[in-house]
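The values are calculated or read from the model by the stated rules, or taken from the named source; none is laboratory data. Small disclaimer: the values here were computed from a predicted structure and weren't measured. Cβ atoms come from the backbone with ideal geometry, glycine included; neighbour counts cover every protein chain shown.
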Amino acid sequence: MSYSDWLIQLAQTALVLGTAPLLSGVTRKIRARLLRRQGASVLQPYRDLLKLIRKEAVVAGNASWLFRAAPYLIFATTWVAAALVPTFASGLPLGAVADIIVIVALLGTARFLLALAGLDVGTSFGGLGSSREMLFASLAEPAMLMAVFTLSLFAGSTQLSSISAYMLGPGAGVNISLALALVALIIVSIGENARIPVDNPATHLELTMIHEAMILEYSGRHLAVLEAAAAVKLLLYLSLIACVFTPWGTAVAGAGALAYAAGLLAWAVKLALLAFLLVLFETAIAKMRVFRVPEFLGIALMLGLLGTILLFVSKVSR
Amino acid sequence: MLKALFADSSPDGAHQGWPRVPVDADVWRAIGEALREGKLDLLGLWGDLGAVQCVLYEPATRQIASASLDARSGKVPSLAPFHAPASRLERAASDLFGLEFTGLPDRRPWLDHGRWPVQHPLAESSRPGAILPPYQFLQAEGPSLHQIPVGPVHAGIIEPGHFRFTASGETVVRLEERLGYTHKGIERLLCGKSIDAAARLAARVSGDSTVAYSLVFARAVEAALGSRPPPRALWLRAVMAELERIANHLGDVGAICNDAAFSMMHAECGILREQTLRACASAFGHRLMMDLIVPGGVAADLEPAGVAAILALTEGLRGQFPELVELYENTASLQDRTVGTGIVSGALAAQFAAPGVVGRASGRAFDARLSVPYAPYDAAPLQLAARSEGDVDARVWVRIQEIQHSIGWLERALASLPDGPVREIVRAVPTSSVEGAALVEGFRGDVLGYVRLGVGRRIERCHLRDPSWLLWPLLEAAIEGNIVADFPLCNKSFNCSYSGHDL
């Protein structure tokens, strides 16, 4: 590990935070264009964050310390998790000390804190959102882990950089387990990021909200931090899918400025493409009934499980 | 049934539009019995100075009549024990006039939240406002039930209303509405106004139904004064009413889909709605056609360019709307949300005389344009849009059918518009009080209007009953057993007016 690697790691950590609002802005813009609207500028999320930070934070009278602390903790855990995913370069120092299971754990921690914060003030919407979130989490988290196990069984490692490198190598090919893991990961990403058909990030209908219901009581800088965390989370999942399933173009640590630039470009293109596909899917589908979401996430769990089992079976029979 | 009820009484000669029969308390109770047996529909019930009045419709004979009961003693027998839909109407009459309905099971105030400067604002002697005890919501008992209070301030920009859910997990056990937050005192404002000033107020009861309200007010006044607007005016009124219906139904179809987060439909329907409003603007000079229908006729004639604008619109709709209908039909994820959600049973729809789309989606074959026909629909009838499933999907389909019927009707009407003047100044000056009543099919359902004019043609009493009065209670029933998260979808499929209800 050289100093330059750490510099690149730092750059990447700053990059995920810096570009996450842009990704949100781009998805909103694509959505608006698909709906034949002009749409706000792709920079709008930055302006929104700035606006929220400047505003006074109104906190309910009966809020505990948890309510105030939760946004920062959620933001921190999400940001660290995002910094662990290789974006334009893999094999970075942080990736070596924390594997994909740590990412899942960090995101789980953030979710736990958010659900607690939703319950803290004692409003009915917060409780409603937290209970729905936990219902879905009980399926989404194991589904995510199953997909992760499939990948790590493949690559023989839980390090994202190693998985990414394995995917580039000759060992990987078109494989049914891999496909199942991909679908499972996509479903989990949709659910975790509160996208249609699981949740609607743009809704104003309190009774249908999940993620928004939990943060309904937040305002000002607290809300800004939570919004930023949500944007970082979307970036994290898209980067994760891009890093594992489309590893081409990603620079390897220490490769030099040119490779980094190429990696950056490749990452941007992949993310834009994934964002477009996500929005296209969202536009073509209505939101599910709340009770159908566990079935949807259950599919992810089953696919992840199936992927793992198939992999075992094929390894044994070989 | 109506005939038998009113056999011993003779109609009041001052009331036009349909007969109003002054009855005594015994007949009033007999009306209650007939309502309970389902032989009559209660279309409206309101208070007056020293009287209460109700409007009854007999589906079997398609007859409509009002009954009035002397209430100078301040006490009247309640119809609510016989017929639940009367309950809120009586509570409102009690708030406004201080009438006591004996036997009314629910004595909580309805419109009066204890925030008015006066109590009983429409009574002869109103009292200074009083602080009322906190509103007691109805209880639901059972293990692990929890309450979810929603509103009156909502996360979106919508009208205010409070909804108290009692839920078992996600399943709604009971929903109770609390309305009256947008009470503007329109009925009190109307008292003593000239006809012209009152027409402007009536047009503003519920902005999305401004044509329907102007029409019902104009027809009630014309009935009272015995004036007949010129034929061309009658047709132009109906053209406006159908344009209003198309615009609102388009908005509703899109909005219902949007509540299932299918915003593509919302965007596309929004474009068509906008085209409709622009056609209205170029044909009549106002996007919502506000204040264009006036007693005596219409305020603006339709020029050939306006006819062309509307025909261009209908042609455009004929091209684009079927594609959206197909999109609605073929989107499985959307159908999964709407089919089987928020069912209103046919029996309940009949009991509550469910107006408009909600009634017709639950098999109630009532449309004021057909059932109590008025010009020009008596000469050019429309097809009745009907479904029997009673779910959100059925309500979407009734709207879709009505858009299609209205497009066809508009094209036929514009081809055969009679020529002539469009407004006749109403000159009749009554020497004593005269009354008129009318029923008009707005996009939500039938709007009922009653006007009593005094000497000098000043409004003595005007009551405008929005269809939402009968729809709101049905929404409570529709959501029962559904999940909390489906409420916005059900609510939007009803699209009740807060403003029209709270008046």
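Observations on the model:
- Residues that are assigned to a helix (DSSP H, G or I) and in contact (Cβ under 8 Å) with a residue 24 or more places away in the chain do occur in region B:386-393.
- Which listed residue is within 11 Å of the chain's Cα centre (by Cα) and either surrounded by 24 or more Cβ atoms within 10 Å (Cβ to Cβ) or part of a helix (DSSP H, G or I) (or both), from B:489, B:471: B:471
- With respect to (1) within 10 Å of chain A (Cβ to nearest Cβ); (2) of a type in the set (S, T, N, Q); (3) buried (at least 17 other Cβ atoms within 10 Å of the Cβ), the lone exception for residue B:126 is condition (1).
- Qualifying positions in region A:251-302 - more than 14 Å from chain B (Cβ to nearest Cβ), touching a helix residue (DSSP H, G or I) at 6+ places or on another chain (Cβ under 6 Å) and within 30 Å of residue B:329 (Cα to Cα): A:274, A:275, A:276, A:297, A:298, A:300
- Residue in region B:133-147 that is within 14 Å of chain A (Cβ to nearest Cβ), surrounded by 10 or more Cβ atoms within 10 Å (Cβ to Cβ) and in contact with a Gly (Cβ under 9 Å, 6 or more places away or on another chain) present: yes
- Candidates B:22, B:85 - the one that is buried (at least 16 other Cβ atoms within 10 Å of the Cβ) and touching an Asp or Glu at 6+ places or on another chain (Cβ under 7 Å): B:22
- The residues of region B:298-326 that are in contact with a Phe, Trp or Tyr (Cβ under 8 Å, 6 or more places away or on another chain) and either surrounded by fewer than 15 Cβ atoms within 10 Å (Cβ to Cβ) or not small (Gly, Ala, Ser) (or both) amount to a single one, B:302.
- Test: residue in region B:295-303 that is out of contact with any His (no Cβ under 6 Å at 6 or more places or on another chain), at positive phi and outside any loop (DSSP other than H, G, I, E, B): yes
- Filter result for residue A:269 (touching a Phe, Trp or Tyr at 6+ places or on another chain (Cβ under 8 Å), in a helix (DSSP H, G or I), hydrophobic (A, V, I, L, M, F, W, C) and modelled with pLDDT of 90 or more): no
- So residue A:74, is it among the β-branched types (Val, Ile, Thr) and in contact with a Phe, Trp or Tyr (Cβ under 8 Å, 6 or more places away or on another chain): no
- A search for C-beta distances below 8 Å between a residue of region A:252-281 that is closer than 28 Å to residue A:5 by Cα and any residue that is among the aromatic types (Phe, Trp, Tyr), counting only pairs 6+ apart in sequence or on different chains, returns A:260/A:88; A:263/A:88; A:264/A:88; A:266/A:88; A:266/A:248; A:267/A:88.
- Residue list for region B:168-194, filter: touching a His at 6+ places or on another chain (Cβ under 6 Å) and within 14 Å of chain A (Cβ to nearest Cβ): none
- Checked against (1) in contact with a helix residue (DSSP H, G or I) (Cβ under 6 Å, 6 or more places away or on another chain); (2) more than 11 Å from every other protein chain (Cβ to nearest Cβ), residue B:301 passes all but a single condition, namely (1).
- Out of B:441, B:389, B:460, B:411, one residue alone is surrounded by fewer than 24 Cβ atoms within 10 Å (Cβ to Cβ), in the same structural domain as residue B:317 (by TED's automatic domain parsing), acidic (Asp, Glu) and in contact with a Phe, Trp or Tyr (Cβ under 9 Å, 6 or more places away or on another chain). It is B:389.
Quick grid of which residues meet (1) part of a helix (DSSP H, G or I); (2) closer than 19 Å to residue A:242 by Cβ; (3) without any contact (Cβ under 8 Å) to a residue 24 or more places away in the chain:
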residue: A:61; (1), (2), (3): no, no, yes
residue: A:67; (1), (2), (3): yes, no, no
residue: A:71; (1), (2), (3): yes, no, no
residue: A:75; (1), (2), (3): yes, no, no
residue: A:83; (1), (2), (3): yes, yes, no
residue: A:86; (1), (2), (3): no, yes, no
residue: A:101; (1), (2), (3): yes, no, no
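- Condition broken by residue A:125, with the remaining ones in (1) among the aromatic types (Phe, Trp, Tyr); (2) at pLDDT 90 or above; (3) touching a strand residue (DSSP E or B) at 6+ places or on another chain (Cβ under 9 Å) satisfied: (2)
- Flag if residue A:177 is out of contact with any Leu (no Cβ under 7 Å at 6 or more places or on another chain), in a helix (DSSP H, G or I), more than 10 Å from chain B (Cβ to nearest Cβ) and surrounded by 22 or more Cβ atoms within 10 Å (Cβ to Cβ): no
- Single unsatisfied condition, residue A:9 versus (1) closer than 30 Å to residue B:274 by Cα; (2) modelled with pLDDT under 95: (1)
- From B:284, B:262, residue being assigned by TED's automatic domain parsing to the domain that holds residue B:332, buried (at least 20 other Cβ atoms within 10 Å of the Cβ) and within 20 Å of residue B:217 (Cβ to Cβ): B:284
- Candidate set from region A:191-242 (those that are closer than 24 Å to residue A:289 by Cβ, part of a helix (DSSP H, G or I) and charged (D, E, K, R)); member that is farthest from the other protein chains (Cβ to nearest Cβ): A:192
- Applying the criterion of being assigned to a helix (DSSP H, G or I) and polar (S, T, N, Q) to the residues of region B:315-335, the residue that is nearest to the other protein chains (Cβ to nearest Cβ) is B:333.
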